[in-house]
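Quick notes on the structure that follows.
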Amino acid sequence: MPKAQATPGKTLLSPADHTLIMIDHQSQMSFATKSIDAVLLRNNCALVAKAAREFKVPTILTTVAEKTFSGPIYEEIRSVFPKDEIINRTTMNAWEDARVAKRVNDIGKGRIVFAGLWTSVCIVGPALSALDQGFEVYVIADACGDVSQEAHDRAMDRVVQAGARPMTSLQYPLELQRDWARSETYAETTGIARVHGGAYGLGVIYAETMFAAAKGH
């Protein structure tokens, strides 16, 4: 039989091994998004963005037709990265924009984590393109959305069948933390969870308030 070792699986993400790309989280794209509630989507985007900042994950922000049609990126993302350049495109497939490709190459990570609107266009396009070029691809499914549940689900099916690995927004920081004894990121991870982690966040608040609980201690 295989021999168990106390080491993480090779497909688990770590802060240093990937680039996060957040695509077209904008007003006009959100108006037609029906697969996820807009408030929940914005909350999940804030969770992902704050986790990336906490763990110092290289992050690319990109919009489409920001000034002429789609509007600005969510404030939940902009406020986390107030000084970062936002690449505004004309291409529906962000991977076809030379500036995005250059940023990916400059960062130099072999894994890409995607989140964006809409799943069937703005995630399928770059995810399949990145996979085709040899990158490992992860998609944060609940930081994406589409014009219908069917559209979102079929898009996720398509990228998963091609080799992408699906995950969720809360899973993202917890996978990067992975050990509550990592004290340097403990407070920020639980802080993000308290604000954006839904029922899990309520549990953190309750345990810390009622019992002065601290995981890993």
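Surface composition of the chain: carbon and sulfur atoms hold 57% of the protein heavy-atom accessible area at a 1.4 Å probe.
For His196, the solvent-accessible surface with a 1.4 Å probe is about 30 Å², rounded to the nearest 10. A 1.4 Å probe run over the chain, with the rest of the protein chains in place, finds 49 Å² accessible per residue. Counting only Cα atoms, the size of segment 108-205 along its three principal axes is 39, 33, 17 Å, in decreasing order.
Ranking Asp17, Asp132 by solvent-accessible area of protein heavy atoms (1.4 Å probe, all protein chains present), from largest to smallest, gives Asp132, Asp17. Listed by chain and number, the aspartates and glutamates whose alpha-carbon sits under 20 Å from that of Lys10, ignoring those within fewer than 8 places in the same chain, are Glu136, Glu175, Asp179.
For the residues Ser14, Ser169, a 1.4 Å probe over the protein chains yields an accessible-area ranking, largest first, of Ser14, Ser169. Orientation-averaged projection of the chain equals 13.6 nm² [convex hull of Cα atoms, one quarter of hull surface area]. These residues, Ile192, Ile205, go from largest to smallest accessible area, 1.4 Å probe, as Ile205, Ile192. Helix 98-107 and the longest principal axis of the Cα set of the chain meet at an angle near 30°. Counting every C-alpha pair in segment 1-69, the share spaced more than 16 angstrom apart comes to 62%.
The values are calculated or read from the model by the stated rules, or taken from the named source; none is laboratory data. These numbers were taken from a predicted model, which means no experiment stands behind them. Side chains are part of the model used for accessible areas, which takes the heavy atoms of the whole protein and leaves out ligands, DNA and RNA. Shrake-Rupley method; radii C 1.70, N 1.55, O 1.52, S 1.80 Å.
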